[in-house]
Amino acid sequence: MSFSSSAEGSQTSRRAFEFGRTHVVRPRGRHEATIVWLHGLGDKGSSWSQLLENLPLPNIKWICPTAPTRPVSLFGGFPSTAWFDAEDISEDAPDDVEGLDASAAYVANLLSAEPVDIKLGVGGFSMGAATALYSATCHVFGRYGNRNPYPVNLSSVVGLSGWLPCSRILRNQLKESNDTVARAATLPILLCHGPGDEVVAYKHGEKSARILSSAGFQNLTFRTYDGLGHYTIPEEMEDVCRWLTARLGLGGS
């Protein structure tokens with residue numbers, strides 16, 4: 001499926017992003033929440049759908065899309081599945097707002113199709129976590145970076161081994177209105193990282209959490225896993241399960 005993005009008022013042509021296959025894990029119990037889960041750079045949705053299917057969360061429907069294949073500056077322009085272009089992996093890197101907007105809009109479009117009584121969330125790993133956090137800021141501002149309205153009400157955001165894109169924009173614009181401040185203060189966010197991460201340095205995850213907290217995201221939890229590299233472990237996923245069950249008020253089967 002293709003998805004196009006453009007900056008409002010821009011004279012540049014729209015870029016079309018061709019998203020890959022989406023994998024869906026149906027709830028085994030009563031459907032109470034839907035979470036779009038985003039894979040890391042160079043990966044695909046099927047990798048995470050297999051792990052998520054085995055979690056003890058019978059009331060969650062998981063949607064695992066695959067990012068577009070595009071040239072990635074970090075790889076010298078070599079094509080890879082990526083939610084946005086990245087020259088560097090840190091919260092201070094140049095921001096590909098057009099790519100971020102396209103991916104955040106694609107996620108919101110998937111969530112918009114869910115029943116109105118279902119709680120909605122977004123999560124991800126590495127670059128997927130960065131995109132999830134960007135979606136969180138779109139929810140809080142009520143708009144994308146191109147100023148088009150953001151249509152989804154998020155109830156939870158999870159980021160594993162990731163970082164915060166567009167941190168400068170967040171710090172400058174968050175206190176625009178009381179509604180924005182209230183949405184930031186109440187949105188539950190769980191961030192997890194390991195000091196042994198050799199791809200997304202722990203300091204970037206930690207700094208991203210500090211920036212979010214200082215900007216007014218008061219319902220944020222940051223968890224550290226000693227020895228954890230750029231992967232996930234059972235202890236981390238157990239914490240994710242407990243956190244989602246509590247924050248989303250999930251029942252049993």
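The values are calculated or read from the model by the stated rules, or taken from the named source; none is laboratory data. Predicted model only: the values in this text are computed from it and were never measured. No Cβ is skipped: glycine too gets one built from the backbone with ideal geometry, and neighbour counts run over all protein chains shown.
The table below lists the values:
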{"read-out": "Selection count where residues are of a type outside the set (A, V, I, L, M) and in contact with a helix residue (DSSP H, G or I) (Cβ under 9 Å, 6 or more places away or on another chain), scope region 104-134", "value": "8"}
{"read-out": "Subset tally (residues that are among the small types (Gly, Ala, Ser), under 12 Å from Pro165 (Cα atoms) and surrounded by fewer than 20 Cβ atoms within 10 Å (Cβ to Cβ)) for region 75-97", "value": "2"}
{"read-out": "Residue list for region 82-124, restricted to those being farther than 25 Å from Arg168 by Cα and out of contact with any Leu (no Cβ under 7 Å at 6 or more places or on another chain)", "value": "Asn109, Leu110, Ser112, Ala113, Pro115, Val116, Asp117, Ile118"}
{"read-out": "Test: residue in region 151-169 that is of a type in the set (S, T, N, Q) and farther than 25 Å from Tyr106 by Cβ", "value": "no"}
{"read-out": "Given (1) modelled with pLDDT of 95 or more; (2) surrounded by 24 or more Cβ atoms within 10 Å (Cβ to Cβ); (3) within 28 Å of Cys241 (Cβ to Cβ), index of the condition Ser112 fails", "value": "(2)"}
{"read-out": "Strands (runs of 3 or more DSSP E) enclosed by region 52-144 - at least 2 residues per element that are within 20 Å of Leu190 (Cβ to Cβ)", "value": "60-64, 119-125"}
{"read-out": "Identity of the residue in region 25-55, farther than 25 Å from Tyr134 by Cβ and touching a residue at least 60 places away in the same chain (Cβ under 8 Å), that ends up surrounded by the most Cβ atoms within 10 Å (Cβ to Cβ)", "value": "Glu32"}
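Yes or no, residue by residue, for (1) free of Cβ contacts under 8 Å to residues at least 24 places away in the same chain; (2) closer than 24 Å to Gly99 by Cα:
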residue: Leu164; (1), (2): no, yes
residue: Asp197; (1), (2): no, no
residue: Tyr202; (1), (2): yes, no
residue: Gln218; (1), (2): no, no
residue: Phe222; (1), (2): no, no
residue: Gly229; (1), (2): no, no
residue: Glu236; (1), (2): no, no
residue: Leu244; (1), (2): no, no
residue: Leu250; (1), (2): no, no
